[in-house]
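Since the structure comes first, as structure tokens, the remarks are kept for the end.
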Amino acid sequence: MNNTIMMILILSILLPVALLAESVDHAESDSFCASETFPAVEEALRLRTMGDLASAIEILEPIAESCPNLFTARIELAVTRSWDGQLKRALDDYEAVLHRQPTHETALLGWARIQSWLGNTEDSSPVYASLLRDNPEHVEALNGMALVYRIHGNYRQASKMYSVVLRKAPDNREARDGLAAIEKVTRIEGSMSLGHAAVQNGEPVVGNRLGLVWRNGNRLTVAGSFLSERHNQATGANRSIWTAEIGYRINQRTSASLGFDQTLFGFRRISAASLSASHKVGKKTTFVLGIKPGLSSETGFQMLVSPGAIVTISGRGYALVQYFHFRSARGAHTNTFAVSGSAQFTKLLEVKPSVSMTRFDGETLVQVAGSVMLRAREGLRFGVQIGRTMGVHSQANLGVSATFSR
């Protein structure tokens, strides 16, 4: 009995000492790895800079295997392999680090970057989103998320991300190269709205709309559209509207556009030019101003002025508040206050609500509308629009649409 007690006492003393010695051995081993391999790692980085990727990998690989807790060697090996096009093996290297330290930020960013290059943006975007929630100005995460947007063809959002980076780090090469690449992209976007049915004063109105947008990079935009409405002959003549617009982004904050449209309504013709500009103030607010003088074949000169503001909400949507003042050639005034917006709930679903109130000739119209857009595949979306106008000219609206880009 006494011997048993004595043995327990001896083990209780020796076991913590042995564990402490083992942890010291590990610490000394990590320290030894870092100090002894530092010259070799430096030589590998020098060779990588010179373009000799094979020799750099040959040096880094045994160091990473023999010193698994030396994360620097494993991460530099992953970077070198990614430069050499060995993306899957680079991914394995980053995962080896994350297996030992799941929150290692450099390894997380490298892993997410490789996933984006491989087209697995559903894996990389949550990493960037998590980092941006903690730090909305995280440069590497902003660049990474911008790449995700570029892969999905959302060049406007990618440009916004890169612009935030350059405001914080004007010499950031990745952001500069990303913006330069976007400037060279030419793409076409089209939209089609068919079967748009309305009931106006008890009579049906059917309209079809076609639109086409050509973008040269993220700076120049040329857009055109055609709207045709077929009215019941008992209520009036048909109407068609042609529009054309050229937009130019002057710098990261300021854009301007010049447009022209022509409306044919029975024997009446209205031609109008438009000039609009927008300027971003701060991080989330953009002021807009539109001026649209027109000339009616029957009544003469008319004018529309529309100041407003766009407010970005949490990076997933925006709200547009706008006021319209229209003066007809006969001197009548129409005032409209409108609020609209967009909310991106998922990668597949976008909702766009709007509400407006118009006052003219002592009458008030209130319009409530909304649309739901679903992405069927990359570059192709379908939508449904519904609306209701209440007042002296009550009507209901229902339509379907499709948009494409390439």
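The values are calculated or read from the model by the stated rules, or taken from the named source; none is laboratory data. Here the structure is a predicted model, which means the values were calculated and not measured. With ideal geometry, Cβ positions are generated from the backbone for all residues, glycine too; neighbour counts draw on all protein chains shown. To get the accessible areas, we keep the full protein, side chains included, count just its heavy atoms, and leave off ligands, DNA and RNA. Shrake-Rupley method; radii C 1.70, N 1.55, O 1.52, S 1.80 Å.
Summary table
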item: Single condition Thr103 does not satisfy, out of (1) farther than 21 Å from Trp83 by Cβ; (2) outside any loop (DSSP other than H, G, I, E, B); result: (2)
item: Hits in region 341-357 (condition: in contact with a Phe, Trp or Tyr (Cβ under 8 Å, 6 or more places away or on another chain) and touching a residue at least 24 places away in the same chain (Cβ under 8 Å)); result: Gly341, Ser342
item: Residue in region 301-309 that is open to solvent by 40 Å² or more (accessible area, probe 1.4 Å) and at pLDDT below 85 present; result: yes
item: Residues of region 176-189 classified as out of contact with any Ser or Thr (no Cβ under 8 Å at 6 or more places or on another chain) and part of a helix (DSSP H, G or I), total; result: 6
item: From Lys292, Lys352, residue being under 28 Å from Gly153 (Cβ atoms), surrounded by 14 or more Cβ atoms within 10 Å (Cβ to Cβ), among the basic types (Lys, Arg) and at pLDDT 80 or above; result: Lys352
item: Neighbours by Cβ (under 8 Å, 6+ apart or cross-chain): first from region 160-173, touching a residue at least 12 places away in the same chain (Cβ under 8 Å); second among the acidic types (Asp, Glu); result: Val164/Glu137; Val165/Glu174; Lys168/Glu137
item: Within region 48-100, considering residues that are of a type in the set (D, E, K, R) and part of a loop (DSSP other than H, G, I, E, B), the one surrounded by the most Cβ atoms within 10 Å (Cβ to Cβ); result: Asp84
item: Number of the condition not met by Glu137 [criteria: (1) assigned to a helix (DSSP H, G or I); (2) in contact with a Lys or Arg (Cβ under 9 Å, 6 or more places away or on another chain)]; result: (1)
item: First in region 364-390 and more than 17 Å from Phe337 (Cα to Cα) and open to solvent by 70 Å² or more (accessible area, probe 1.4 Å), second anywhere and modelled with pLDDT of 80 or more and of a type in the set (Asp, Glu), Cβ under 9 Å, 6 or more apart; result: Leu374/Glu350; Arg381/Glu350
item: Output for region 39-73, where each listed residue is under 28 Å from Thr103 (Cβ atoms), among the charged types (D, E, K, R) and without any contact (Cβ under 8 Å) to a residue 24 or more places away in the chain; result: Glu42, Glu61, Glu65
item: In region 101-140, the residues that are touching an Asp or Glu at 6+ places or on another chain (Cβ under 9 Å) and of a type in the set (Gly, Ala, Ser); result: Ala107, Gly110, Ala112, Ser116
item: Condition met for Ala338 (open to solvent by less than 40 Å² (accessible area, probe 1.4 Å), closer than 22 Å to Leu398 by Cα and aliphatic (A, V, I, L, M)); result: yes
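Here's the yes/no breakdown for (1) surrounded by fewer than 16 Cβ atoms within 10 Å (Cβ to Cβ); (2) in contact with a helix residue (DSSP H, G or I) (Cβ under 6 Å, 6 or more places away or on another chain); (3) under 17 Å from Gly110 (Cα atoms):
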residue: Pro136; (1), (2), (3): yes, no, no
residue: Ala146; (1), (2), (3): no, yes, yes
residue: Tyr155; (1), (2), (3): no, yes, no
residue: Ser163; (1), (2), (3): no, no, no
residue: Ala175; (1), (2), (3): no, yes, yes
residue: Ile182; (1), (2), (3): no, yes, no
